[in-house]
1. Which one is surrounded by the most Cβ atoms within 10 Å (Cβ to Cβ) among residues in the range 88-107 that are of a type in the set (D, E, K, R) and more than 20 Å from Gln136 (Cα to Cα)?
2. Restricting the search to the range 17-74, which residues are outside any strand (DSSP E or B) and among the hydroxyl-bearing types (Ser, Thr, Tyr)?
3. Any residue in the range 27-51 that is aromatic (Phe, Trp, Tyr) sitting within a Cβ distance under 9 Å of a residue that is assigned to a loop (DSSP other than H, G, I, E, B)? List the pairs, counting only those 6 or more apart or interchain.
4. What's the number of the condition Met162 fails, among (1) part of a strand (DSSP E or B); (2) closer than 23 Å to Trp39 by Cβ; (3) touching a residue at least 60 places away in the same chain (Cβ under 8 Å)?
5. Which one of these is in contact with a Pro (Cβ under 6 Å, 6 or more places away or on another chain) and within 25 Å of Ala25 (Cβ to Cβ): Leu132, Leu143?
6. Could you run through the range 75-87 and say how many residues are surrounded by fewer than 16 Cβ atoms within 10 Å (Cβ to Cβ) and free of Cβ contacts under 8 Å to residues at least 60 places away in the same chain?
7. Say whether the condition of being aliphatic (A, V, I, L, M), closer than 29 Å to Ala172 by Cβ and modelled with pLDDT of 90 or more is met by at least one residue in the range 54-65.
Amino acid sequence: MSAIFRMLVLGALLASPLALAATYADPVSKARFTLPPGWKVRASVVDRVRVLKVIPPKADQRERAAIEVQIGVRKPGRSDTLPRLAAMFRQEDGDREAANFVRVNQKTGRLVTEYRDGRFVSNRLWIVRHNLHVIQLVDKNRLLEARCTANASEFKTYRRQMESICLSVALAKK
């Protein structure tokens with residue numbers, strides 16, 4: 001009985017979409033992360049920084065859920081220390097609520113936070129967005145940032161896929 005149960009569990013795990021995920025490695029920025037099946041990566045330049053945009057496969061994920069996933073490497077500012085960034089996210093700021101989750105791992109130099117923010121869209125409609133934000137101080141010259149965002153009402157539906165991307169992001173050594 002237990003052998004059959006183990007085979008069923010293994011089959012269920014292999015059939016899950018995240019089991020089919022691949023690892024994406026950017027040749028320029030050296031960022032790597034888990035890429036769920038069907039998702040695509042496009043590179044662009046925003047404010048003179050190379051940003052990887054991870055695009056979900058379905059139109060309703062891009063439109064109704066308004067999923068935005070961005071990964072980039074930039075030079076850290078003077079005030080970009082993990083304790084200071086964590087304290088900043090714990091406080092509300094403008095349209096951003098205080099984070100409901102902030103975890104700092106000093107050993108890996110990584111900050112993981114979740115927060116909600118709002119913004120006006122067409123016809124003065126106020127939309128609340130849920131953000132999963134990962135910041136890693138790689139060294140004195142590089143800060144790795146991954147932000148997975150969706151409309152708050154849709155975030156739960158796509159949470160596992162976005163977590164697989166943002167929480168797996170890492171940077172290869174120079």
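The values are calculated or read from the model by the stated rules, or taken from the named source; none is laboratory data. Predicted, not measured: the structure shown is a model, and the values here were computed from it. Ideal geometry is used to build each Cβ from the backbone, glycine not excepted, and the neighbour counts take in all protein chains shown.
1. If we filter the range 88-107 for residues that are of a type in the set (D, E, K, R), which is where we start, we get 90, 92-93, 95-97, 103, 107.
Filter again for more than 20 Å from Gln136 (Cα to Cα), leaving 92-93, 95-97.
Details: Glu92: 12, Asp93: 11, Asp95: 13, Arg96: 17, Glu97: 15.
That would be Arg96.
2. As a first pass, look at the range 17-74 and keep what is outside any strand (DSSP E or B): 17-21, 26-30, 36-39, 47-48, 56-67.
Listed by number, the list holds a single entry, Ser29.
3. Here the result reads Phe33/Asp26; Phe33/Leu167; Phe33/Ser168; Phe33/Val169; Trp39/Ala21; Trp39/Pro56; Trp39/Pro57, each pair linking the range 27-51 to a residue that is assigned to a loop (DSSP other than H, G, I, E, B).
4. Going through (1) part of a strand (DSSP E or B); (2) closer than 23 Å to Trp39 by Cβ; (3) touching a residue at least 60 places away in the same chain (Cβ under 8 Å) one by one, Met162 breaks only (1).
5. Numbers: Leu132 fails: in contact with a Pro (Cβ under 6 Å, 6 or more places away or on another chain).
Going through Leu132, Leu143 in turn, just one is in contact with a Pro (Cβ under 6 Å, 6 or more places away or on another chain) and within 25 Å of Ala25 (Cβ to Cβ): Leu143.
6. 7
7. Here is the first cut: in the range 54-65, the residues aliphatic (A, V, I, L, M) are 54-55, 59, 65.
In the following step, the residues that additionally are closer than 29 Å to Ala172 by Cβ were identified as 54-55.
Next, only the ones that are modelled with pLDDT of 90 or more stay: 54-55.
Scanning the range 54-65 turns up at least one residue that is aliphatic (A, V, I, L, M), closer than 29 Å to Ala172 by Cβ and modelled with pLDDT of 90 or more.
Results for (1) part of a strand (DSSP E or B); (2) modelled with pLDDT of 90 or more; (3) closer than 26 Å to Ala65 by Cβ, shown as yes or no for each residue.
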| residue | (1), (2), (3) |
| --- | --- |
| Thr108 | no, no, no |
| Leu111 | yes, yes, yes |
| Arg116 | yes, yes, yes |
| Phe120 | yes, no, yes |
| Asn123 | no, no, yes |
| Trp126 | yes, no, yes |
| Ser153 | no, no, yes |
| Tyr158 | no, yes, yes |
